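Novice: Below is one structure. I have some questions about it.
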Amino acid sequence: MRIRDWDRNLKIRLFGEALMNITFWMFFPFLTIYFAESFGKDKAGFLLIFSQLFSVFANLLGGYMADRFGRKRMMVLSAFGQGIAFLIFAYAVSPWYTSPMLGFICFTLVGVFGSIYWPASQAMVADVVPEKDRSSVFAIFYTQINIAVVIGPILGTIFYVKYRFELMVAVAIISILLALVLSKWTRETVPVSAKQARAEKGKWYDFLIEQLADYKVIIQDKVFLLFIIAGVLAAQTFMQLDLLFPVYTKDMVNNQTILELGSKVFTVNGEQAFGLILSENGLLVALFTVAVTKWVTRFPERNVFVLSSLFYAVSILMFGATHWIWGLILAMAVFTLAELLTAGLQQTIISNLAPEQMRGQYFAAASLRYTFGRTIAPISIPLTVWIGYRWTFTILSVLAVLSAILFWVMFRMYENRKQFGL
């Protein structure tokens, strides 16, 4: 499905979110280092876990609200809320006032609003795109994010240290502008059946009871529940991209020569090494997501997800085994291959499993793979203090192997369900 044939909502989102993501990724990858230096590794790890608990609740609430009040409304409110949080964050790192704790609170609020935005945005794609085209559309959005991951960190290594305040202000303004654009030029897409189902369930203050009832139904879907649990385990590896990896490279990678051209010698320190491998990840994803997504659709989904988790396990061991910059680059290539294998298939699986009237709920529940995963993942930072980097990477690798086993079981159950109409 070509972009020019897309619904206008999706076109506006694609380009608006691209601009926001580029500025966001100019400073976001370095925040873990900022918090680790400000609070210490132990405290920073537990603070990051604490912040993600709010995102878990917001994610659950976001799915309900996307079905009850509409995709557009929740996306507009979330984008505006993020903009205000970024403005306050900018003040917390401004030349006139410095407060890592205020910055952390704003970081938490940004995560909360993002967790509300995500299920609505994903459900909107499923609302307006035919099932046969969803994988390609989701893949393009994923590619857009990873183009930002390429451009953002490279610009961030230039501007982050000297212009941190200005970067925060820029992303705040862009986020608020995105909210205004979404409000003026997009339309609501929530199916009438979903909205009516939510409206008939009771008053607004009954949402928690409704949530528990809805998620009880989802939990009883054993295939979907296994999908979430396997995803949470797999997330312990790929969530380390902006948690453990920046701290590891800063601590373990000393000034190294990466390239010699005649008399010119190019060296990198730890922070630059992290920016380099992060940009490598974004570049490879941006270049190959669509192509790899088309390629993997030829194979059983079960094999693709299992292989992805095994590649994550291998790559995480490779990271823990080297301080050499080219070794890290090779490890990131394997890590990115694991990511590419399932990039365009994740949302399609969810769309196929979800009843239309609970689509927002299913997308919200599915994103618990990331919110629960991100809630647990920061424990890796204090874990490096307690048992060292090598054992930390080994544990993460074992969790990835366990996710591969669960994906195998889950897809066998899914195939049986389709075969026998269960």
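Novice: So which residues in the stretch 300-339 are among the aromatic types (F, W, Y) and either farther than 17 Å from M252 by Cα or in a loop (DSSP other than H, G, I, E, B) (or both)?
Specialist: Passing the criteria: F305, F311, Y312, W324, F335.
Novice: Now a separate question. Being among the small types (G, A, S), more than 19 Å from the chain's Cα centre (by Cα) and closer than 30 Å to A126 by Cβ is the requirement here; does A343 meet it?
Specialist: no
Novice: Next question. Taking the condition more than 24 Å from Q82 (Cβ to Cβ), open to solvent by less than 50 Å² (accessible area, probe 1.4 Å) and at pLDDT 85 or above, does Y215 pass?
Specialist: The answer is no for Y215.
Novice: Are there any pairs with C-beta distances below 6 angstrom linking a residue in the stretch 26-40 that is touching a residue at least 24 places away in the same chain (Cβ under 8 Å) to a residue that is outside any helix (DSSP H, G or I) and hydroxyl-bearing (S, T, Y), with the two at least 6 apart or on different chains, and if so which?
Specialist: The qualifying pairs are F27/Y160; F30/Y160.
Novice: Against the condition open to solvent by 10 Å² or more (accessible area, probe 1.4 Å), over 21 Å from L243 (Cα atoms), part of a helix (DSSP H, G or I) and out of contact with any strand residue (DSSP E or B) (no Cβ under 6 Å at 6 or more places or on another chain), how does M358 come out, does it pass?
Specialist: For M358, the condition - open to solvent by 10 Å² or more (accessible area, probe 1.4 Å), over 21 Å from L243 (Cα atoms), part of a helix (DSSP H, G or I) and out of contact with any strand residue (DSSP E or B) (no Cβ under 6 Å at 6 or more places or on another chain) - is met.
Novice: Quick check: anything in the stretch 89-102 at pLDDT below 85 and farther than 22 Å from P355 by Cβ?
Specialist: no
Novice: Shifting gears a bit: Here are some residues: V93, V129, V125, V76. Which one is under 19 Å from the mean Cα position of the chain (by Cα) and either buried (at least 20 other Cβ atoms within 10 Å of the Cβ) or not charged (D, E, K, R) (or both)?
Specialist: The unique qualifying residue is V125.
Novice: So how many residues does the stretch 322-339 have that are open to solvent by 10 Å² or more (accessible area, probe 1.4 Å) and touching a residue at least 12 places away in the same chain (Cβ under 8 Å)?
Specialist: Qualifying residue count for the region: 9.
Novice: Scan the stretch 136-168 residue by residue and report those that are within 21 Å of G103 (Cα to Cα) and open to solvent by less than 40 Å² (accessible area, probe 1.4 Å).
Specialist: Within the stretch 136-168, G152, P153, G156, Y160, L167, M168 meet the criteria.
Novice: So which pairs qualify, if the first residue must be in the stretch 271-290 and in contact (Cβ under 8 Å) with a residue 40 or more places away in the chain and open to solvent by 10 Å² or more (accessible area, probe 1.4 Å), the second must be assigned to a helix (DSSP H, G or I) and of a type in the set (D, E, K, R), the Cβ gap must be under 9 Å, and the two must be at least 6 apart or on different chains?
Specialist: Final answer for the pair search is E271/K250; L284/E339.
Novice: State whether the residues of the stretch 11-25 include one that is under 24 Å from A139 (Cα atoms) and touching a Lys or Arg at 6+ places or on another chain (Cβ under 8 Å).
Specialist: Among the residues of the stretch 11-25, not one is under 24 Å from A139 (Cα atoms) and touching a Lys or Arg at 6+ places or on another chain (Cβ under 8 Å), which makes the answer no.
Novice: Separate question: Could you go through the stretch 407-414 and let me know if any residue there is closer than 18 Å to Y312 by Cα, open to solvent by less than 80 Å² (accessible area, probe 1.4 Å) and touching a residue at least 12 places away in the same chain (Cβ under 8 Å).
Specialist: Yes, the conditions are met somewhere in the stretch 407-414.
Novice: Another one. Is the stretch 57-64 home to any residue that is more than 16 Å from A179 (Cα to Cα) and either touching a His at 6+ places or on another chain (Cβ under 6 Å) or among the polar types (S, T, N, Q) (or both)?
Specialist: yes
Novice: For residues that are part of a helix (DSSP H, G or I) and without any contact (Cβ under 8 Å) to a residue 24 or more places away in the chain, scanning just the stretch 127-165, find the one that is farthest from A66 (Cα to Cα).
Specialist: So the residue we want is I158.
Novice: Another one. Looking at the stretch 235-248, is at least one residue farther than 24 Å from L341 by Cα and either more than 18 Å from the chain's Cα centre (by Cα) or open to solvent by 70 Å² or more (accessible area, probe 1.4 Å) (or both)?
Specialist: Yes, the stretch 235-248 has at least one match.
The values are calculated or read from the model by the stated rules, or taken from the named source; none is laboratory data. All of these numbers come straight from a predicted model, not from anything done at the bench. Using ideal geometry, Cβ is built from the backbone for each residue, glycine included, and neighbour counts are taken over all protein chains shown. Ligands, DNA and RNA are excluded from the accessible area calculation, which covers all protein heavy atoms including side chains. Shrake-Rupley method; radii C 1.70, N 1.55, O 1.52, S 1.80 Å.
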